[in-house]
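Undergrad: Let me begin by handing over the structure; questions about it come next.
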Amino acid sequence: MIVLNTLEKIYLSGSEVIPNEKISKHTSIEIGGKVKALIVPNTVSSLLRSLEILESNEEEYRIMGLGTNLLVSDDGLDVFVLKTERLSAFEVKGDLIVSESGTPLKRLCEIAASLGLSGMEELYGIPGSFGGAIYMNAGAYGKEMKDVLEWVELYDGGKVERFSSKDLEMSYRKTSVGNRIILRAALKLKKGYSEGIYKRMKEYLRRRLEKQPIFEKSAGSLFKRPRPNFYVGSAIEKLGLKGFSVGGMKISEKHAGFLVNSGNGKFEDAIKLIEIVREKIKEKFGETLETEVRIWR
């Protein structure tokens, strides 16, 4: 009788498996050491089968979408990482768009516009996956995911349950999703005209291009606002830290709220830079900053 190891079982369950993969290949800031294996499920069913195998073997795992807000240790992690990028099936039911969690948020905005469905224009251009945007209640220009989210399906240790957006206690860059895994969700939009929707989307995208380091290696907005009327990027700029660097990591010269990899930046450079900014903000403004970027170590 053939005894299969964990990776063989996962491969046979329908997921792609890349042993000893460097996560730097999969993060927008291009940082991150090796993990036990990168697992890329092709369907929600193969994701659930892979999770069942990992959990039955008491293996530690983590979930990533498109890696646009991740800082991962260069030392690597003794875990399996499941990447949801191929979970991108969707269907339209009237003014509802139901999508799997791996669909890029930008793509969903385009789909909505093509169908004449309005409500997501302000979110156009936010990088990352649908699931990642829900997990952190991403937002821009006064609009957040909670404003357009109808329901979410979550996996929690063997069972799949559906929750309303209110059940998830969504607030500024926070939800109660916790360690549960987002499988699919529904967006509740409004009927509109594609031409006007595209026009508004283009305007918001143009604003991003003007103000944000779109074409640099970045993990997105670095810190959450500690209170509604405190703008972290402006505060960092007032401290004279725009362009400030530690090793190959620096505060963006285009927008001081962004951390960018200007060369061969390292994880420890990023952590040191984050702590320096935190200390100076605390000293000058009395505010304690929490990272918006997710840190794995």
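The values are calculated or read from the model by the stated rules, or taken from the named source; none is laboratory data. Since the model is a prediction, treat every value here as computed from it, not as a measurement. Using ideal geometry, Cβ is built from the backbone for each residue, glycine included, and neighbour counts are taken over all protein chains shown.
Undergrad: Do you know which of the residues in the range 94-107 that are assigned to a strand (DSSP E or B) and touching a residue at least 60 places away in the same chain (Cβ under 8 Å) is surrounded by the most Cβ atoms within 10 Å (Cβ to Cβ)? Before you say what the answer is, go through the steps one by one.
TA: Filtering the range 94-107 down to residues assigned to a strand (DSSP E or B) leaves 96-100, 104.
Applying the additional criterion that residues be touching a residue at least 60 places away in the same chain (Cβ under 8 Å) yields 96-100.
Numbers: L96: 14, I97: 25, V98: 16, S99: 23, E100: 23.
In this case the residue turns out to be I97.
Undergrad: Another question about this same structure. Of everything in the range 249-270, what is more than 19 Å from the chain's Cα centre (by Cα) and over 21 Å from F215 (Cβ atoms)? Give them in sequence order.
TA: Residues of the range 249-270 that are more than 19 Å from the chain's Cα centre (by Cα), as a first pass: 249-256, 262-266, 268-269.
Of everything in the range 249-270, those that are more than 19 Å from the chain's Cα centre (by Cα) and over 21 Å from F215 (Cβ atoms) turn out to be K266, E268.
Conditions tested, residue by residue: (1) surrounded by fewer than 14 Cβ atoms within 10 Å (Cβ to Cβ); (2) touching a Ser or Thr at 6+ places or on another chain (Cβ under 7 Å).
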{"site": "N229", "(1), (2)": "yes, no"}
{"site": "S234", "(1), (2)": "yes, no"}
{"site": "L241", "(1), (2)": "no, no"}
{"site": "V246", "(1), (2)": "no, no"}
{"site": "K250", "(1), (2)": "no, yes"}
{"site": "G263", "(1), (2)": "yes, no"}
{"site": "E292", "(1), (2)": "no, yes"}
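Conditions (1) in contact with a strand residue (DSSP E or B) (Cβ under 6 Å, 6 or more places away or on another chain); (2) buried (at least 18 other Cβ atoms within 10 Å of the Cβ); (3) over 30 Å from E55 (Cα atoms); (4) modelled with pLDDT of 95 or more, marked per residue:
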residue: I134; (1), (2), (3), (4): yes, yes, no, yes
residue: N137; (1), (2), (3), (4): yes, yes, no, yes
residue: G158; (1), (2), (3), (4): no, no, no, no
residue: D167; (1), (2), (3), (4): no, no, no, yes
residue: V177; (1), (2), (3), (4): no, yes, no, yes
residue: Y193; (1), (2), (3), (4): no, no, yes, yes
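Undergrad: Only residues that are among the polar types (S, T, N, Q) and in contact with a Lys or Arg (Cβ under 6 Å, 6 or more places away or on another chain): list them for the range 111-170, please.
TA: Result: S118, N137, S165.
Undergrad: Could you name every one of the strands (runs of 3 or more DSSP E) located completely within the range 108-197 that has at least 3 residues being farther than 21 Å from P213 by Cα and within 20 Å of the chain's Cα centre (by Cα)?
TA: 149-156, 181-188
Undergrad: Among residues belonging to the range 205-234 that are of a type in the set (F, W, Y) and farther than 16 Å from N69 by Cα, point out the one that is farthest from the chain's Cα centre (by Cα).
TA: Among those that are of a type in the set (F, W, Y) and farther than 16 Å from N69 by Cα, it is F230.
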